[in-house]
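First comes the structure, then the notes that go with it.
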Amino acid sequence: MQRIAQSPVRTLAVALLAHATFVATLAAPAAAQANVAPTNDAPNPYTTIAGWAKMPEGRSWGSTSAVDIDRDGTSIWVAERCGANNCVGSSLDPVLKFDASGTMVAHFGAGMILSPHGITVDRQGNVWVVDCACTIGGGGRRGAAAPPPSGPPAGHQIFKFSPDGKLLMTLGKAGGAREPDYFMEPNAVLVAPNGDIYVAEGHSSRPATDSTPASPARVLKFSNDGKLIASWGKWGKGPDDFDQPHALAMDSKGRLFVGDRGNNRIKIFDQSGKLLDTWYQFSRPSGIFIDAKDNIYVADSESGSVNKPRTDWKRGIRVGRVADGKVTAFIPDPAENPPSTSSAEGVAVDKNGVIYGAEVGQKALRRYQKQ
């Protein structure tokens with residue numbers, strides 16, 4: 001049989017076609033995931049309990065996105081915005097602790113925090129509070145970074161407090177700073193079991209222009225004494241980018257879950273920043289919590305009427321499993337067509353499986369118990 005020699009040009013064309021087919025095959029699952037059908041139909045086995053947390057006489061709730069569980073497993077820490085949407089000029093303590101009955105048992109932080117946004121409790125019981133400063137002046141979900149008001153505090157920092165309110169550490173430059181310094185609108189903080197500190201930065205959503213840089217959008221990793229170890233990410237819409245990395249959580253295997261809210265997905269990393277997986281089935285994540293049994297709870301406060309491109313996704317809290325990413329329960333937002341953020345933005349779950357949702361729009365802390 002006679003073998004016909006192929007020209008170099010044809011050989012190159014065949015090789016390029018094969019490579020393109022291979023790349024397309026790799027990209028197909030990611031594209032399919034990005035177009036998953038809305039997960040709105042999971043059962044809701046929870047009863048909603050509003051108004052259980054008792055504020056002192058004469059004090060009302062402000063916007064609230066920061067909630068976590070004390071190391072005792074049942075008490076709840078909240079950082080609320082002083083009866084409004086920020087604490088500028090307020091003499092109120094924004095950091096509050098409630099016992100499981102809803103009675104306030106501790107409070108501190110007056111005059112230190114402009115706009116509490118995230119909170120986490122480490123294994124020693126210390127309380128870390130994120131001052132995003134993103135609800136001051138021109139800052140916000142779509143706007144430019146907010147200028148600090150005159151005089152201290154200046155925002156854009158993270159504070160580590162002892163359980164009785166003693167300031168133990170401050171991360172970030174007062175008033176904000178861009179890389180290589182930090183932070184500009186930090187959103188969330190997480191302390192790993194080994195003491196490493198992870199911060200998600202960048203609350204605005206803005207591409208670069210001729211006159212302004214893109215919004216910051218990255219994850220930073222610090223040692224337990226506050227020294228920067230690594231950072232990764234930039235603002236964008238690509239598979240390796242972030243747009244409002246808004247929430248952080250870690251599972252029992254030490255994988256870091258980042259709520260990439262502006263891109264409607266959760267990105268999963270190892271602790272060195274290597275991307276392991278990307279999930280779209282939990283919709284637009286504002287808050288993430290993973291319990292000791294590796295159940296995952298994701299608060300979506302911006303789908304539906306709040307975000308017109310996502311009218312087919314409902315707002316609420318989706319519950320699932322870290323093992324397979326399946327959504328097993330859904331607590332829907334009872335509000336049908338609110339114009340702005342609605343339902344829980346922050347979420348935490350106590351050792352008994354009771355869910356707490358911190359709400360910015362409704363200015364509330366709700367409790368959800370299984371029926």
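Please treat every number below as a calculation from the coordinates, not as lab data. If you're wondering where the values come from, they're calculated on a predicted model, not measured in any experiment. Virtual Cβ from ideal backbone geometry, glycine too; neighbours counted across all protein chains shown.
Below, the figures for the structure above:
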{"quantity": "For the chain, built as a Gaussian network whose Cα springs stay under 10 Å, the top-fluctuating residue of Gly236, Gly361, Gly51", "calculated": "Gly51"}
{"quantity": "Radius of gyration and Dmax over the Cα atoms of region 57-370, both given in Å", "calculated": "17.6, 54"}
{"quantity": "Order of Trp279, Trp52 under a 10 Å beta carbon neighbour criterion, fewest first", "calculated": "Trp52, Trp279"}
{"quantity": "Distance between modelled label sites at Lys370 and Ala37, nm, 7 Å Cα→Cβ extension", "calculated": "2.7"}
{"quantity": "Cα-based helix-to-principal-axis angle, 8-34 vs the chain, degrees rounded to 10", "calculated": "30"}
{"quantity": "FRET E, pair Lys326, Asp240, Förster distance 35 Å, beta-carbon r, rounded to 0.05", "calculated": "0.85"}
{"quantity": "Glu201, Glu185 arranged by Cβ crowding within 10 Å, fewest neighbours leading", "calculated": "Glu185, Glu201"}
{"quantity": "Contour minus Cα-Cα distance for Asp251 and Thr170 (0.36 nm per residue)", "calculated": "26.6 nm"}
{"quantity": "Normalised contact order of the chain, rounded percent, pairs of Cα under 8 Å and 6 or more residues apart", "calculated": "15"}
{"quantity": "Pairwise FRET efficiency - Ser162 versus Asp196, Cβ, R0 = 30 Å, nearest 0.05", "calculated": "0.95"}
{"quantity": "Flagged links, alpha-carbon separation over 27 Å, of Lys267/Lys314; Lys237/Lys274; Lys160/Lys253; Lys54/Lys351; Lys314/Lys370; Lys308/Lys351", "calculated": "Lys308/Lys351"}
{"quantity": "Distance from region 336-355 to region 54-96 (C-alpha centre basis), Å", "calculated": "15"}
{"quantity": "Scattering curve values for region 227-296, log₁₀ I(q)/I(0), Debye with Cα scatterers, q = 0.21, 0.24, 0.26, 0.28 Å⁻¹", "calculated": "-0.88, -1.12, -1.27, -1.40"}
{"quantity": "Order of Ile296, Ile290, Ile136, Ile229 - criterion: other Cβ atoms within 10 Å of each residue's Cβ, fewest first", "calculated": "Ile229, Ile290, Ile136, Ile296"}
{"quantity": "Highest-MSF residue in the chain out of Val130, Val298, Val306 [GNM, Cα springs under 10 Å]", "calculated": "Val306"}
{"quantity": "3J(HN,Hα) from dihedral phi, region 183-191, Karplus parametrisation 6.51/-1.76/1.60, rounded to Hz, x for glycine, proline", "calculated": "10, 10, 6, x, 10, 8, 9, 9, 10"}
{"quantity": "Built amide H within the under 5 Å cut-off of Ala364, gap 5+", "calculated": "Thr64, Glu359"}
